[in-house]
Amino acid sequence: MHFEPGFPRLVFRTVWISDVHLGTPGCKAELLLDFLKSIECDTLYLVGDIVDGWQLKKGWYWPSRHNDIVRCWLKMAKHGTRVIYVPGNHDELFRDYAGLNFGGIEVVPQCIHVTADGRSLLVLHGDEFDGVVLCARWLAVLGDQAYTLLLKLNGVLNRVRRALGKPYWSLSALLKKRVKNAVEFISNFEQAVAHAAYEHGADGVVCGHIHTAEVRQIGTATYYNDGDWVESCTALVEHFDGRMEIIDWAERKRLEAERSQRRQRVSAMPAKAALA
């Protein structure tokens, strides 16, 4: 790949991201753009809910930063990255275009990825195993509305935090971890998706959908969830030796900001001492 000089990049064999929800105010476009401009990879998987068709049907919301993200993916594809798009339930419209190629971006319903160390991973969004989406779509839509309100509250909170000079923090992700029913649902979901990997004869599975990044061994299958870019801002990456890792970009930027503030305080200390 070829990028502008002067910016050191994180280099991976493969990157998975999902649940970007372009077309909604909850999308953390700035953080995602920062991540995309900080990496290069041989293969990029977009694992569903990239565009939020559900919200766009209610009202058009598409700031310029969302265009920038799409352009970034097209640029990556143009310069040699294989970009594979596996649509989810919020962008299910694109499932009708499986097998087609848009500007170098391949659209597939699901696929098998083979890691550098020879393991096969089933890649899919995961809504196929969400009982609420499958059996009660109206309830899923109602839950989506409540979730949208929570994300708006999360946005207000983080605007206040930015005004105070504090980094991004996800209230919605914290609440999800604390609520017993949500924890039980996530566990059941993980079990169902891992079983799908077993049925496909794969060594593991990579999915999104539930906005909870995780790496777990479940029976004979390894379960990977790459998280999302509305709450946790995470990605799953594969190194060139086949090693897999979850990258928490929001946490990384928070730590970078703290280190920068410490360096500024240290550099300011001699000047203060001289004035004393």
Burial ordering of SER267, SER18, SER120, fewest other beta-carbon atoms within 10 Å first: SER267, SER120, SER18
One computes Rg over Rh for the stretch 1-72 from alpha-carbon atoms, with the Kirkwood Rh, and obtains 1.01
Going by how many other beta carbons lie within 10 Å of each one, how would you line up ASP130, ASP117, fewest first? ASP117, ASP130
Descending packing, highest mean Cβ count within 10 Å first, for 53-63, 202-212, 254-264, 28-38 is 202-212, 28-38, 53-63, 254-264
If each residue's Cβ is checked for other Cβ atoms within 10 Å, how do MET244, MET269 rank with the fewest at the top? MET269, MET244
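All of the numbers you see were taken from the coordinates with simple rules; none came from a lab. Because the structure is predicted, anything quoted here is derived from the model rather than measured. Quick reminder, even Gly has a Cβ in these numbers, built from the backbone with ideal geometry, and neighbours come from all protein chains shown.
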